[in-house]
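The values are calculated or read from the model by the stated rules, or taken from the named source; none is laboratory data. What you see is a predicted model; the values in this text were computed from it and never measured. A quick note on method: Cβ atoms are made from the backbone with ideal geometry, for glycine too, and the neighbour counts reach across all protein chains shown. Calculation scope for accessible area: heavy atoms of the full protein, side chains included, ligands and nucleic acids excluded. Shrake-Rupley method; radii C 1.70, N 1.55, O 1.52, S 1.80 Å.
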Amino acid sequence: MSDFFENIRKLYAGLTNTQKQVADFILDHPDAVAFKRLEELSMMIGVSTTSVIRFARSVGYKGYTDMQQDMQQSIVGKASLRRTALSMQ
């Protein structure tokens, strides 16, 4: 998926309350979340690991690892764009 965060925003209305809780945390803390193990993330959010996996599947991923990799790429891509823009000034 081209933009992890935009995809979550598009699908947000159709999520369950628990999935929205996961989405809210991810959107509010992207840097903290992108490199956490599943168990760490679920504890931070206050949901089960199964809820995080279900969330990942509900937004189009095979599981947590696939979602996490896309999230990492999105963060790295945005950081690269900012550096490029700053260097052009």
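Ligands, DNA and RNA aside, Y61 has an accessible area near 30 Å² when probed at 1.4 Å.
Would you mind estimating how fast the range 1-81 diffuses translationally, via Stokes-Einstein at 20 °C and 1.002 mPa s with the Kirkwood radius over Cα pairs, in µm²/s?
After rounding, the answer is 172 µm²/s.
The residues neighbouring T18, those whose beta-carbon lies less than 12 Å from its own, together hold a net charge of +1 under the Lys/Arg +1, Asp/Glu -1 convention. In this simple spin-label approximation, A32 and T49 carry label points 7 Å from Cα along the Cα→Cβ vector, and these lie 2.1 nm apart. With all protein chains kept in place, the per residue accessible area of the range 1-81 amounts to 57 square angstrom at a probe of 1.4 angstrom. Full extension of the chain between A13 and Q72 yields a length gain of 18.9 nm, computed as 0.36 nm times the residue separation minus the alpha carbon distance. Taking θ as phi - 60° and the Karplus parameters 6.51, -1.76 and 1.60, the scalar couplings of the range 58-69 work out to 5, 9, x, 9, 6, x, 4, 4, 4, 4, 4, 5 Hz in sequence order, x denoting glycine and proline. In the context of the full protein assembly, T65 retains an accessible surface of approximately 80 Å², using a probe radius of 1.4 Å and ignoring ligands and nucleic acids.
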